[in-house]
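What follows is a single structure, written as structure tokens, with notes after it.
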Amino acid sequence: MSNTPKPEYETIQGGGSLVVAYQVANKKVLIVGGGFVAAQRIISCKTADAKVIVISPEEGLNDEVRFRIENNEVEWHNRKFNDDDLEDVDMVLTALDDHEESLRIGELCRKKRIPVNVADVPPMCDFYFMSQHRDGPLQIAVSTNGKGPKIANMVRVNVANALPENIGNTIEMMGRLRAKVREWEPSMKNSGKRMTWVTKLCDKWGMKGMARLNEIKTQEEEEAVFSKLRDYFIIGGVPDINLILPSKDQRRPRLTLIGGGPGDPELITVKAKRLLEEADLVVSDRLIPSQILDMVQGKLRVARKVSGKCDEAQDELMEWCLEGLKKGLHVVRLKIGDPFLFGRGGEEVLWFREHGYEPELVAGISSAFSAPMAAKIPVTFRGVSDQVIITTGRGTKGCMPDLPMFKSTQTLVVLMAVGRADELRTLLLDRHYPEDVPICWIENSNCPEERIIFGKLNTMASLVESENIKAPAVLVVGHSTNVL
């Protein structure tokens, strides 16, 4: 007997279904019923090119099923089900309100070994209809094995939203390439060579590289690209996508200015997330959290820390963007919060215009509103605050903001105030703010390291030192601070 230890294999978990893609093209599928469920079943079967037969009295047809009949997409028998309808059919789907009749038809199918799906009776179903996403040749199906159809729909939507744009077209193009590879090497004994080369190509190009095949617009362009690939296939090499298609340097440049929100990656917009994943180059502020930067799939350049030289650092960021645009890249300028609220976003738009580029603008949530909410401070509240003033502790060339006199129904929100807390306190006292008016510091709002510190105006500056409050932090001043 061998002393070689037996390999440990994964324990098989039962209770599932055999998930397969069932080929029903040109097979006869009988649908008993003519309502909403029948309409859904017709779509599923005709998508797979089945020959569909519908049995239902005319009064049982809904508008969509009636449309399919009038459009000659299905064969229709205007009557109730007869047992001999099961002769010479390959599959049966019941879609009846009559529960007992559905069960009876299901039992008949079992005796005749005809695959059957009895609507709303999982134990009688030989198979289930899954929640599906379709994009050209791509089909994704989600099953909960009859336990949660709505959950299956929710999972399907999440999966579909995570897919790259135009994934169906990409798969279609790769399918045409695989067909070409079979033409180049038709012998069955060389199928391994074909599969290995296509697999290596997919791995090297990745989803982004394969998606570039969608740039092919004409038959002539496709033939030229496939001809180049054939040369590499013959020698067993896998080329870089840029050697096959015109390089990105020859593409039209694109510029997007994105607001990255207050810091929580779940508070960035869906559009911003997609563009960060698609961009060739992302030029980012230093304050953007790493969880958001991790979304970037192209090249990433983050602002360098230049102590006391904010203008020089800003100029460098702009030059980085300009370098990418001159190369024909899609450049994303990523800024914290809302770029148009004390984020110099408007200045950047003007700068880019002077250099011949008009950026697409993608809004971001500003910490001026999200930080107070994180601290459970409603900046407006009936009977307490009917006005909001948003300002900054770091104005042009370091000047302090020109604030109006105190009004008890105002809420003051100050961004970038940590380093100017003492000067700001003096300014507010000069504007007749009471020493005991409530204040709140919100440090790193909407981030794991968030801190919320309440106080009063007379302790506003001392709290910065005693609590070691660091930027980025938002200051809220006013009676709305204590409402909740």
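One residue is enough: does segment 417-426 have a residue meeting the conditions of a type in the set (G, A, S), buried (at least 18 other Cβ atoms within 10 Å of the Cβ) and over 39 Å from the mean Cα position of the chain (by Cα)? Yes, segment 417-426 has at least one match.
Residues in segment 243-276 that are modelled with pLDDT under 90 and surrounded by fewer than 15 Cβ atoms within 10 Å (Cβ to Cβ): L243, P246, S247, D249, Q250, R252. Would you call T411 crowded, with 19+ Cβ neighbours inside 10 Å, of a type in the set (S, T, N, Q) and touching a residue at least 24 places away in the same chain (Cβ under 8 Å)? Here the answer is yes, as T411 does meet what is asked.
Please work out which residue is least open to solvent (accessible area, probe 1.4 Å), limiting yourself to segment 99-116 and to residues that are touching a helix residue (DSSP H, G or I) at 6+ places or on another chain (Cβ under 9 Å) and in a loop (DSSP other than H, G, I, E, B). Only one residue fits best here, namely I114.
The residues on offer are L334, L350, L341, L317, and the sole one that is crowded, with 16+ Cβ neighbours inside 10 Å, more than 25 Å from the chain's Cα centre (by Cα) and more than 25 Å from W441 (Cβ to Cβ) is L317. Pairs are defined by a Cβ separation below 7 Å, a sequence spacing of at least 6 or placement on different chains, a first member in segment 215-233 that is closer than 26 Å to E165 by Cα, and a second member that is of a type in the set (D, E) and part of a helix (DSSP H, G or I); the pairs so defined are I216/E222.
The criterion of being closer than 30 Å to V238 by Cα, at pLDDT below 95 and touching a Ser or Thr at 6+ places or on another chain (Cβ under 8 Å) does not hold for P137. Among the residues making up segment 427-455, a single one is of a type in the set (F, W, Y) and either open to solvent by 20 Å² or more (accessible area, probe 1.4 Å) or on the phi > 0 side of the Ramachandran plot (or both): F454. If you go through segment 46-71 and keep only what is modelled with pLDDT of 95 or more, hydrophobic (A, V, I, L, M, F, W, C) and open to solvent by less than 80 Å² (accessible area, probe 1.4 Å), you end up with A50, V52, I53, V54, I55, L61, V65, I69.
Here is a check on your reading of the model: is R301 over 15 Å from the mean Cα position of the chain (by Cα), open to solvent by 10 Å² or more (accessible area, probe 1.4 Å) and either modelled with pLDDT under 90 or farther than 30 Å from E220 by Cα (or both)? In short, yes. Residues in segment 470-480 that are under 23 Å from I336 (Cβ atoms), surrounded by fewer than 19 Cβ atoms within 10 Å (Cβ to Cβ) and in contact with a strand residue (DSSP E or B) (Cβ under 7 Å, 6 or more places away or on another chain): K470 only.
The values are calculated or read from the model by the stated rules, or taken from the named source; none is laboratory data. Just so we're clear, the structure is a prediction, and the values are computed from it rather than from any experiment. Cβ sites come from the backbone with ideal geometry, for glycine too, and all protein chains shown count toward neighbours. Each accessible area value is taken on the protein alone, full model and side chains, heavy atoms only, with ligands, DNA and RNA left out. Shrake-Rupley method; radii C 1.70, N 1.55, O 1.52, S 1.80 Å.
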